[in-house]
Amino acid sequence: MPAVEPAAAPKPAAALPAAPPPAFAIPRPLPLVGSTDATRWAPLLRAVAVRSGPTEQAPVIETLGLKTPEGTSNLVPVLDRHQDRRGTLWLRVRAPALPDNVEGWVPRAALGGYNLVHTRLVVDLEQLQATLFSRGERVYDAPIGVGKADSPTPRGEFYIRNELRAYGSSFYGPIAFGTSARSRVLTDWPAGGFVGIHGTDRPDLLPGRVSHGCIRLRNADIVRLARLLPIGTPLTIQ
């Protein structure tokens, strides 16, 4: 009898294609990591309540307007992020509120895109000196005037909110920076209560404890600082 050919082995079934990605998915929040000398900030897109926790039920610490008291766009440093059970993304930010060094939470949707700065300004109230660091390297220092005993410059962690050049009075010099630092007594800053960094019409008083809380620099020094200091820069007053 002729040999019988063995039956061919069955072919494996074709693999099923991978399932298509969902039409809409909420991304997991990524940690805010990076260089230790980098700081993220973001502008406000609308007025927003800063809450003590990442939930709509948390108490309101402060309400931030779209504009600063000087009329410039408001911004906040971004410190951390959290996604709640409903998928809402929250950002932990530093707020310009009393008491100083307030941190709270705002919805991510209330802020615009991130901006990065690699600078930090340190104000030493004992040495009466301002020092700017860029990527960890000292790039600037200058003598300063600070608050008197009855109107002290507050200590803490703050940030640069804006740069202003429109003042007509020589009292503030050619350039001024608004900060998030707030005094418990009235300062000589036009917005009242906030601490500014500005020039002076009395350079002979510097360095010294001569102001109502603001930080004064000689006009040549504030002009030099303005070339190096972007808004959003962290400010340490110690």
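Within a 10 angstrom radius of the beta carbon, how do Ile222, Ile175 rank from fewest other beta carbons to most? Provide the component values of the computation, followed by the final result.
Numbers: Ile222 24, Ile175 20.
Sorted ascending by nearby Cβ count, the order is Ile175, Ile222.
Taking Cα atoms of the range 39-116, Rg/Rh with Kirkwood Rh, to two decimals?
Working: Rg = 11.7 Å, Rh = 12.4 Å.
Result: Rg/Rh = 0.94.
Semi-axes of the range 117-237's equivalent ellipsoid from the Cα gyration tensor, sqrt of 5 times each eigenvalue, largest first, rounded to whole Å?
Details: eigenvalues 72, 48, 41 Å².
The answer is 19, 16, 14 Å, longest axis first.
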For the range 39-116, the dipole about the Cα centre with charges only on Cβ (Lys and Arg +1, Asp and Glu -1), to the nearest 20 debye, works out at 300 debye
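Throughout, read-outs are computed from the coordinates displayed, never taken from laboratory work. A quick note: this is a predicted structure, and the numbers were derived from the prediction, not measured. Heads up, the Cβs are rebuilt from the backbone with ideal geometry, glycines too, and the neighbour counts pull from every protein chain shown.
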